[in-house]
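Below: one structure, written as structure tokens.
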Amino acid sequence: MNNNTLDYELTLFDRIEVIKTVNKQHDLEHNSYLSFSGGKDSTVLHYLLDMALPNNRIPRVFINTGIEYNDIVSFVKGLADNDDRFIILTPKVPIKPMLEKFGYPFKSKEHALRVYQFNRGTNANFIKKYLRQTDYDGKYVCPKILLYQFEKQGQYNYSHLCCQKMKKEPIHEWQKVNKRPITLTGMRNDEGGNRQRLGCVITDGKTKKVVKFHPLIKVNEEWENEFITKNNISLCKLYYPPFNFKRTGCKGCPFALTLAEQLDTMAKYLPNERKQCEVIWKPVYEEYRRLNYRLKNQMSIFDFLEETK
């Protein structure tokens, strides 16, 4: 047995034991559900749970927001056809009217939140700090090019609420009705961002009860790929050629750092979904293009089609 195989086996054993331990302590069978996105990580966790807890009845809950890739929805429905643990929810309000009412994502959740707060008259120190240009940590300072969005209240309808309205609220309602307070996710530390600081088991600050469990938090992509290969696991077709997606998530999301690359791939292989993105996220895409930001030098699919007539 070489070192790579040994590392894989040790990590597999460790993750299975962690799941078993948390199950004994918190009865995952009756208190938890798997937040299933249809992506690579949640698919791996779906199969890992069955290894650790054979014959478990933990629900796999997928939220079809209307901005999931069509192939992701088809993949989840295919699993649900053969496994009644899969549950598909839909938000009460469709994506477009929700955005028009509560605001569009713009740049990042941090920035969109600040615009949302500014529009509602907030003048707290965190707004002032975000707008200052002298802070040493530029990561949390408004870019100069976007300061215009804080000149007049209500002029720019941006907010951080898209995920809240389309995903968190439907699942919280389902959790309450079904008495499933613990969320299992496929989050991993090596994905970067705030996930780097996440622990395996998360408790509520007030009640001290477990609210989230991230069994894959310590594994890397190399381990995941080996797990998929060794167990002959099929992922959604978007992870294979010619698409070769690394991540899925909401299609065309303006928060995505790789938005331009996503749209280019969609224009080539998923043109109808690419058009849908232009309709859903139109106000944001237009502003990105005006600013030459994130969609720098990239025309809309409709402009492209017009040019090619």
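The values are calculated or read from the model by the stated rules, or taken from the named source; none is laboratory data. If you're wondering where the values come from, they're calculated on a predicted model, not measured in any experiment. Quick reminder, even Gly has a Cβ in these numbers, built from the backbone with ideal geometry, and neighbours come from all protein chains shown.
Just a few scattered comments:
- Positions within the stretch 69-119 being among the charged types (D, E, K, R), touching a residue at least 24 places away in the same chain (Cβ under 8 Å) and closer than 30 Å to Pro143 by Cβ, in sequence order: Lys96, Glu100, Lys107, Lys109, Glu110, Arg114
- Only listed residue being closer than 20 Å to Tyr285 by Cβ and not assigned by TED's automatic domain parsing to the domain that holds Lys176, chosen from Tyr140, Tyr116, Tyr130, Tyr69: Tyr116
- Counting only strands (runs of 3 or more DSSP E) wholly contained in the stretch 140-226, the ones carrying 1 or more residues that are polar (S, T, N, Q) and buried (at least 17 other Cβ atoms within 10 Å of the Cβ) occupy 182-184.
- Residue list for the stretch 79-104, restricted to those being farther than 20 Å from Ser35 by Cβ, part of a loop (DSSP other than H, G, I, E, B) and out of contact with any strand residue (DSSP E or B) (no Cβ under 6 Å at 6 or more places or on another chain): Val93, Pro94
- For beta carbons closer than 8 Å, sequence separation of 6+ or different chains, a first residue in the stretch 31-47 that is outside the structural domain of Asn225 (by TED's automatic domain parsing) and farther than 9 Å from Gly186 by Cβ and a second that is at pLDDT below 95 and not in a strand (DSSP E or B), there are no qualifying pairs.
- Residue count for the stretch 264-282 satisfying the condition of being in a helix (DSSP H, G or I) and more than 22 Å from Tyr156 (Cβ to Cβ): 12.
- Of all residues in the stretch 50-78, those being outside any loop (DSSP other than H, G, I, E, B) and either buried (at least 18 other Cβ atoms within 10 Å of the Cβ) or not basic (Lys, Arg) (or both) number 16.
- Per-region count, the stretch 205-246, residues within 21 Å of Lys168 (Cα to Cα), without any contact (Cβ under 8 Å) to a residue 60 or more places away in the chain and under 20 Å from the mean Cα position of the chain (by Cα): 4
- Test: residue in the stretch 88-105 that is of a type in the set (Asp, Glu), farther than 15 Å from Cys250 by Cα, surrounded by fewer than 19 Cβ atoms within 10 Å (Cβ to Cβ) and in contact with a Lys or Arg (Cβ under 8 Å, 6 or more places away or on another chain): no
- Flag if Phe150 is touching a Leu at 6+ places or on another chain (Cβ under 8 Å), free of Cβ contacts under 8 Å to residues at least 60 places away in the same chain and on the phi < 0 side of the Ramachandran plot: yes
- Residues that are under 19 Å from Gly103 (Cα atoms) and crowded, with 20+ Cβ neighbours inside 10 Å, drawn from the stretch 264-279: Cys277
- Yes/no for Tyr116 being in a loop (DSSP other than H, G, I, E, B), surrounded by 11 or more Cβ atoms within 10 Å (Cβ to Cβ) and hydroxyl-bearing (Ser, Thr, Tyr): no
- For the stretch 9-49, taking the residues that are part of a helix (DSSP H, G or I) and touching a Pro at 6+ places or on another chain (Cβ under 7 Å), the one that is surrounded by the fewest Cβ atoms within 10 Å (Cβ to Cβ) is identified as Asn31.
- Qualifying residue in the stretch 81-102 (condition: in contact with a Leu (Cβ under 8 Å, 6 or more places away or on another chain), at pLDDT 95 or above and under 23 Å from Tyr293 (Cβ atoms)): yes
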